[in-house]
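Written below as structure tokens is the structure these notes are about.
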Amino acid sequence: MKAITLDNITKTYDKGKVLAVDKASFELEQGETFGLIGPDGAGKTSIFRVLTTLLLPDGGNATVAGYDVVKQYELIRNCIGYMPGRFSLYQDLTVEENLNFFATIFNTSIEENYELIKDIYVQIEPFKTRRAGKLSGGMKQKLALCCALIHKPVVLFLDEPTTGVDAVSRVEFWEMLKRLKYQGITILVSTPYMDEAALCDRIALIEGGKILSIDSPANTVKKYPGKLFAVKSANMHRLLHDLRDYEGTRSCFTFGDSMHLSFKQDSDNAVSTLTNYLTGKGQQQLEITEIPAGIEDYFIRITEKQNEQHSHTS
Amino acid sequence: MKNAVWKQLYAFIQKEFYHVFRDRKTLLMLFGIPIAQVLLFGFVLSNEIKNSKIVVCDYAKDYASQEIIRKIEASKYFNVQKATLTHDQIEASLRSGDIKMAVIFPADFYSDLSHLNKAQIQVIADASDPNTATTLSNYLTSIINDYQAEALAQTKKPYSIIPQVKMLYNPELLGAPNFVPGVMALVLMLICAMMTAVAIVKEKEMGTMEILLVSPLKPYLVIIAKTIPYLLISLLNLAAILLMSVFLLNLAIKGSVILLFAESTLFIISCLALGLLISVGSTSQMSAMMTSQMSLMLPTMMLTGFMFPIENMPFWMQGISYIVPSRYYYTIVKAVMLEGLGFTAIWRETLVLAGITLVLVVINVRSFKIRLA
């Protein structure tokens, strides 16, 4: 049995006017950590809400832990853990009271499943008498994860768990997810951060409600067509303009401290021609190196294609 | 399984009480408003009235009547004018507003008192201003009681002087004690409907409703757990209002207290159901509050008859008043509390109220959303 299956799920809002999810299909193996990667408004939360039985799909079928999301929603609600994108605990209750409350409504107790949350809970235990609203962002996420885990769910849904959390806490959070994976819990996680995608077993890239690619992070980047170059110079601002004006440029965007550039045609002398062009423009301390594509590069590449197709058809 | 449901319910209700007791604004609203309203009205009621013009008609002119009149004259509340007026003359002076009250001693006042140990004094008050009328007759009664106590100490005779109080123009004293049932309806409506609506909408706003929905909690459990705290708080408030009206406003509960609480519980349930309905249609705490005020508070104040008589309203407004639950509750409380009537006198109102409540509960059960949209 698959942990999650989606078969041509479509979800629209405003009586069909807004298409949020467009025939999305994917499957999760048991114990798999699956990432849903895409920018804001790509349809990630809609997919989460359909799978957590909060919204009815307009079309298609989906199952969670073998149960149908429409007909057997009560059975699903018994066995999943859900952490919504927004911090959704009681701000005026203390850490301990929140945890106790959620344990009780899930018919369990903190003691019963303490082993499962121990690693996470020990970090927030010193603050257990503090009200949840007064916790830092990272602490809040840890508490929310504890609350979502307290009943030992079969499938865990984490909707953008690291949005608005500092870099250190984000790393810690993913460490925790890794440990949960060893407990055999299937995790569906969404994130707008491409660097987190690499930590999943498999990822689905989503944009405009469409699933564009489903594969392991390693295979996903291998699918990048052509070569990718990192370009640096003394004047980065002018470099961007110069590169975008260059007729051989397919795409160019700022990525950290360099420009990621791809050519329309990867001919052997492409780099030397570009070097001449840029030197002619007065660029100094020029560095052009070929680099392996990252998930973000691939994402931009395929969404570009998507947009081109759109503009051609329309 | 049964046991698990009780545990869930207990945890949920406990959580609701945490919310209530940790939010000062809520707390102030829940307990401050009822007390403030009763005290406010109570202050108006017990406002001191000084130097009211009254006329004393002494047909007895004996030892006892003179003594009592001296006491009345000594009081700062009365401005006494002595005259032997006929009944028609008294009425004319009351109507013209020259005097507020007339006190009449019958011819054989002292002989009745000394031989029979009891006598009567007639008191006629202008009750078109019910507050003043009750206050004045209360002052007079306490002066007479004073006299009785002194007489008992001196003569060792237990005199009993009975003031026969007659309220002219407004014999039922409409206005004065009537605000208590009105305030009760208003406060219960406010607490139950508005607070429940706000409490549920808050869960939606904070996103916690999402987690509650994605849990094994049964929807009916959420409803019960959300409403029980406000039911309890409302009953507590009801008790506070009743205690205040008895001890601060000297307004006795004439009928059965148990019946009063039973009828109130019915009304509270209808208010809770209204609050739930409002929460279904609201997306923010603000809108829930506004909807409650516009659609519940206003009709309760306008259409229950406690501020404006329903009979004087246009026909269509009278029609609307028939579906306002507080109208029936107001009638019931007036009957039980002020007139001391039993269930047989109010079964019709009770039945209608129960009917409205049932309809509201059914609508609620049907409209409860098991999903987000």
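The values are calculated or read from the model by the stated rules, or taken from the named source; none is laboratory data. Treat the numbers as computed from the prediction; the structure is a model and nothing was measured. Cβ: placed from backbone, ideal geometry, glycine included. Neighbour counts: every protein chain shown.
The set of residues from segment B:68-91 being surrounded by 14 or more Cβ atoms within 10 Å (Cβ to Cβ), over 18 Å from B:Ser137 (Cβ atoms) and at pLDDT 80 or above comprises just one member, B:Gln89.
Identify all residues within segment A:54-69 that are in a loop (DSSP other than H, G, I, E, B) and more than 10 Å from chain B (Cβ to nearest Cβ); write none if there are none. If the condition is that a residue be in a loop (DSSP other than H, G, I, E, B) and more than 10 Å from chain B (Cβ to nearest Cβ), then A:Pro57, A:Asp58, A:Ala65, A:Gly66, A:Val69 are the ones that fit.
Do we have A:Ala144 as under 20 Å from the mean Cα position of the chain (by Cα) and either in a strand (DSSP E or B) or among the small types (Gly, Ala, Ser) (or both) here? In short, yes.
Among the residues of segment B:244-275, those that are touching a helix residue (DSSP H, G or I) at 6+ places or on another chain (Cβ under 7 Å), at pLDDT below 90 and over 16 Å from B:Phe179 (Cβ atoms) comprise B:Lys254, B:Gly255. Annotation: of all residues in segment B:1-26 being more than 8 Å from chain A (Cβ to nearest Cβ) and among the charged types (D, E, K, R), the one that is surrounded by the fewest Cβ atoms within 10 Å (Cβ to Cβ) is B:Lys2.
Residue-by-condition table, conditions (1) hydroxyl-bearing (Ser, Thr, Tyr); (2) in contact with a strand residue (DSSP E or B) (Cβ under 9 Å, 6 or more places away or on another chain); (3) touching a residue at least 40 places away in the same chain (Cβ under 8 Å); (4) surrounded by 14 or more Cβ atoms within 10 Å (Cβ to Cβ):
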{"site": "B:Leu243", "(1), (2), (3), (4)": "no, no, no, no"}
{"site": "B:Ala252", "(1), (2), (3), (4)": "no, no, no, no"}
{"site": "B:Ile269", "(1), (2), (3), (4)": "no, no, yes, yes"}
{"site": "B:Gln285", "(1), (2), (3), (4)": "no, no, yes, yes"}
{"site": "B:Met297", "(1), (2), (3), (4)": "no, no, yes, yes"}
{"site": "B:Tyr329", "(1), (2), (3), (4)": "yes, no, yes, yes"}
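Annotation: of all residues in segment A:71-114 being facing another protein chain (nearest Cβ under 9 Å), without any contact (Cβ under 8 Å) to a residue 24 or more places away in the chain and hydrophobic (A, V, I, L, M, F, W, C), the one that is surrounded by the most Cβ atoms within 10 Å (Cβ to Cβ) is A:Ile105. Residue count for segment A:11-53 satisfying the condition of being assigned to a loop (DSSP other than H, G, I, E, B), away from chain B (no Cβ under 14 Å) and not acidic (Asp, Glu): 8.
Does A:Thr186 satisfy the criteria of being at pLDDT 90 or above and of a type in the set (Ser, Thr, Tyr)? So A:Thr186 passes the test. Suppose we filter segment B:204-241 for residues that are within 10 Å of chain A (Cβ to nearest Cβ) and either of a type outside the set (Val, Ile, Thr) or touching a strand residue (DSSP E or B) at 6+ places or on another chain (Cβ under 6 Å) (or both); how many remain? Counting residues in segment B:204-241 that are within 10 Å of chain A (Cβ to nearest Cβ) and either of a type outside the set (Val, Ile, Thr) or touching a strand residue (DSSP E or B) at 6+ places or on another chain (Cβ under 6 Å) (or both) gives 13.
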